[in-house]
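Some notes on the structure that comes next.
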Amino acid sequence: PDISGIGVRAAIYAQNLLCFLPVVLYLWDGEISLDELAGIQDQSTGMLAIAFAILITTASLAAGGNPTISNYHAAIVLDLSWMNNTSTWIWFILYVYERSKAKYKPVLATWSAW
């Protein structure tokens, strides 16, 4: 499989690193608008969709009596998918940052409050 090639890995690494660029630009002025937050949420949702697509593809290739993916390549896929999932925390951290500002009433530390 081509998943272990430098091109695939470099593309996923670049995609994850470039997820931070809009965040840095949005934080430059110290304020995060609702539109900016929605943009980061959309970006994170797209990254999650890619991560789950990678996982589902790997599971389907590894399933059955005659798997078509080696353990080595499955480990690489899981690592790349993990990186995509981690980049989703960008949106959550920005959301918490914005909601913790004084202009909002305090949010209780319960699941239902979030």
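The values are calculated or read from the model by the stated rules, or taken from the named source; none is laboratory data. Only a predicted model underlies this, so the values are computations on that prediction, with no experimental measurement involved. With ideal geometry, Cβ positions are generated from the backbone for all residues, glycine too; neighbour counts draw on all protein chains shown. Note: accessible area is taken over every heavy atom of the protein model, side chains too, but ligands, DNA and RNA are not part of it. Shrake-Rupley method; radii C 1.70, N 1.55, O 1.52, S 1.80 Å.
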Quiz item: Can you give the relative contact order of the chain as a percent, counting alpha carbon pairs under 8 Å and 6+ residues apart?
Solution: 33 percent
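In the chain, carbon and sulfur make up what percent of the accessible area (probe 1.4 Å)? Let's see the in-between values first.
Details: 5340 of 7690 Å².
About 69 percent, which is the carbon plus sulfur part of the accessible surface.
Quote the charge dipole size of the chain about the Cα centre in Debye, to the nearest 20; the model charges only the Cβ of Lys and Arg (+1) and of Asp and Glu (-1). Please report the intermediate quantities before stating the final value.
On the way: 5 positive and 8 negative charges, 60 e Å.
The dipole magnitude comes to about 300 debye.
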Quiz item: Using the heavy atoms of the protein chains alone and a 1.4 angstrom probe, what is the accessible area of the chain per residue in square angstrom?
Solution: 67 Å²
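With each run of n ≥ 4 DSSP H residues scored as -39500 (n - 2.57), what mean residue ellipticity at 222 nm is computed for the chain after dividing by its residue count and rounding to the nearest 500 deg cm²/dmol? Intermediate results must be reported in sequence, preceding the final value.
Numbers: 5 runs with 78 residues, N = 114.
Computed ellipticity for the chain at 222 nm equals -22500 deg cm²/dmol.
Work out, step by step, the length gained on full extension between Val96 and Leu78: first 0.36 nm times the residue separation, then minus their alpha carbon distance; give nm to one decimal. Please list the in-between numbers first.
Working: separation 18, 0.36 × 18 = 6.48 nm, distance 2.77 nm.
Residue separation times 0.36 nm, minus the Cα-Cα distance, leaves 3.7 nm.
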Quiz prompt | Cβ-based charge dipole, the chain, positive-most Cα from Val24, Ile3, Trp111 | solution = Trp111
Quiz item: What list of ³J(HN,Hα) values in whole Hz, one per residue of region 60-74 in order, does the Karplus curve 6.51 cos²θ - 1.76 cosθ + 1.60 (θ = phi - 60°) give from phi, with Gly and Pro shown as x?
Solution: 5, 6, 8, 6, x, x, 10, x, 9, 9, 7, 4, 4, 5, 5
